[in-house]
Amino acid sequence: MRLPIVLTGALALTLAACAQTANEDQGEVAMAPSLSTESIYAAVANEARTERARELDDSRKPAEVLAFFGLEQGDDAADLISGGGYWAEILARAVGEDGSVTALEPEQFYNEEAWTALAQREPGVALERYRFEAFEPGDERIDFAIMNLVYHDLYWESEEYDVPRSEPADYLAALYSMMRPGGIVGVIDHVGNAGDARATVEEYHRIDPQVIRDDFAKAGFVLEAESDMLANPDDTHEISVFDPSIRGKTDRVVMKFVKPAE
């Protein structure tokens, strides 16, 4: 069940200014739905959120991002490779009583303390744990999903963190199956320069936006819109995202993908 959120005029103008065509050879792309964000702003303003989460809001612009992607009240939403549950906590308040939120967290990244605390703040968030390389979330159960600063990790492998080499195509095939027809996948990631994707991820934890576009297209998704709302033209893309000089201020791509309606 999807009931549109109603939106403020100022934010609508901001989103209109940020929206861009995906690629010239794809022709015109649809704008993100014109939504008002009272519910999203209320979710972000939730006083139960931690101070650490609030500190991230300036750089992540959660209300603007979720409105651009087209989150709606009543959505069954998923926070993919959720980390500490930053987005899951906001989504839980935004989708309302008729919606649901599932955080899909790899076992290798699971932090029991963080998730125990989140469960106390937002008991409605369902947590599903899985091996990073074995993503099998089920079929046609999700209306809206978000991947924040994690898509590049599908090209990453680490003996230290017990993350073996995996294939992004396998993950996206499972994600495509999980989404309902018309479902939205919002992707945010650190911009990297063109080149070997795995080498770029290993050195910088960034990814060339064209790799994301191509991967999602091969999986069957349609790129509906992009935004430069998290862009930083001063970022050279030639420094690790963990470097103190750029951390939290990286140039980021924001893409809205849709599973075609049947």
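The values are calculated or read from the model by the stated rules, or taken from the named source; none is laboratory data. Given the structure is predicted, the values throughout are model-derived calculations rather than measurements. So basically every Cβ, Gly included, is an ideal-geometry build from the backbone, and we count neighbours across all protein chains shown. Only protein heavy atoms, including side chains, enter the accessible area calculation; ligands, DNA and RNA are left aside. Shrake-Rupley method; radii C 1.70, N 1.55, O 1.52, S 1.80 Å.
What the table below lists for this structure:
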quantity	calculated
Separation in nanometres of the label points that stand 7 Å from Cα toward Cβ, at Ala114 and Glu140	3.4
Nearby lysines by direct alpha-carbon distance to Lys259 (threshold 24 angstrom, same-chain neighbours under 8 apart not counted)	Lys218
Gain upon complete extension [Arg247, Ala217; 0.36 nm per residue less C-alpha separation]	7.8 nm
Coordinate range along principal axes, alpha carbons of the chain, Å, largest first	45, 43, 42
Kyte-Doolittle at least 0.5, axis length at least 27 Å by Cα - qualifying DSSP helices, the chain	none
Å² per residue, accessible surface of the chain at 1.4 Å	46
Cα-Cα pairs of the range 194-259 separated by more than 16 Å (percent)	52
Within the chain, helix-based [θ] at 222 nm, where runs of 4 or more DSSP H residues each add -39,500 (n - 2.57), nearest 500	-9000 deg cm²/dmol
Whichever lysines have a C-alpha closer than 22 Å to that of Lys249, once near sequence neighbours (fewer than 8 apart) are set aside	Lys61
Gyration tensor (Cα) of the range 107-259, equivalent ellipsoid semi-axes in angstrom	24, 20, 17
Share of carbon and sulfur in the accessible heavy-atom surface of the chain [1.4 Å probe, %]	47
Simple label model, 7 Å out from Cα along Cβ direction - Ala231 to Asp58, nm	2.2
